[in-house]
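So the structure is just underneath, and the comments pick up after that.
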Amino acid sequence: MPCDCSCHTIVEPLTLTGNPTPGIRILPLATSIPYCFGVVTARGVTLSDRARDLITALRVTAQKRLADFTLIPPEEHHALLASLTKQETRL
């Protein structure tokens, strides 16, 4: 039975690009919310072919499904994380 209350949920962007769910409406937000995801690997460890394939699949899928997807080079990750931390402290 559908909920008759004003229930709202913000979900990460990839869920919204998946299969539609009956009774769920997807509405754009009036503001932009930064969302980051990534792959973390051990420094100095050689990745297996399966791990490389998984990373490639994540990148390709994100590029297809997220209009504003930006791939950040590994050498820029520290600066990205620092900028996100500064944004959080301003909220």
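Within this structure, VAL60 passes the test of being at pLDDT 70 or above, open to solvent by less than 80 Å² (accessible area, probe 1.4 Å) and out of contact with any helix residue (DSSP H, G or I) (no Cβ under 9 Å at 6 or more places or on another chain). Per the conditions (1) at pLDDT below 85; (2) exposed (fewer than 10 other Cβ atoms within 10 Å of the Cβ), the sole criterion not satisfied by THR46 is (1). Residues in the range 63-76 that are under 15 Å from the mean Cα position of the chain (by Cα) and modelled with pLDDT under 85: ARG65, LEU66, ALA67, ASP68. Of the residues making up the range 63-73, those that are open to solvent by 100 Å² or more (accessible area, probe 1.4 Å) and either among the small types (Gly, Ala, Ser) or closer than 14 Å to GLY38 by Cβ (or both) number 2.
The values are calculated or read from the model by the stated rules, or taken from the named source; none is laboratory data. Given the structure is predicted, the values throughout are model-derived calculations rather than measurements. Cβ coordinates were reconstructed from backbone atoms using ideal geometry, including for glycine residues, and neighbour counts include every protein chain displayed. Remember, those area values only see protein heavy atoms, side chains included, never the ligands or the DNA or RNA. Shrake-Rupley method; radii C 1.70, N 1.55, O 1.52, S 1.80 Å.
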